[in-house]
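Notes follow once the structure below has been shown.
The values are calculated or read from the model by the stated rules, or taken from the named source; none is laboratory data. Treat the numbers as computed from the prediction; the structure is a model and nothing was measured. All Cβ positions, glycine included, derive from the backbone under ideal geometry; neighbour counts span all protein chains shown. Quick note on the areas: whole protein, heavy atoms, side chains included, nothing else; ligands and nucleic acids left out. Shrake-Rupley method; radii C 1.70, N 1.55, O 1.52, S 1.80 Å.
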Amino acid sequence: LPEIPPWYAAFFPITDWPLYILCAEHGDIGYIPAVMGAYRLHERGLYSPLSAAEKLRATDRFYRHMNERTAYRHDAVARRAHRRFFLDWAHEHLARGEPALARLCVRLSLGYGMPRRPGELAETLRVGLAAHTPFGRPRPVRKTEAGS
């Protein structure tokens, strides 16, 4: 990179993803499917001590601000990645028995608009419904409730 733009510091504590995007805009980058480093998780870190909801909101801000800072040149990709990231986390939070966080993820996944890919809207609705039912599972409908 010729230089790090002044707005980069505003992404703190998520600084690795914006750096990768900036590098990709200035040349080719690659992906090596191997563990090449490690994060130290400790209470004095800047990201680790955040609550799960704060981390989700920080990631949402990252996607929005990065899209804005790149003048929306990658808008379609940013929106798709944003929706997928939060939809995947909604599934994870349901599996962990955390329906409130799953609901937050569904709301954040829809924050950039409705999904356009086949099946993604149905998946979002299923996850959202599961997150709004007791214990994160759809409640069976009795025949009397269904009008039968």
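Computed quantities for the displayed model
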| read-out | value |
| --- | --- |
| Single residue of LEU94, LEU87, LEU104, LEU19 found to be of a type in the set (A, V, I, L, M) and more than 26 Å from ALA131 (Cβ to Cβ) | LEU19 |
| Residue selected from segment 1-23 under the condition in contact with a His (Cβ under 9 Å, 6 or more places away or on another chain) and part of a helix (DSSP H, G or I), by the criterion least open to solvent (accessible area, probe 1.4 Å) | PRO18 |
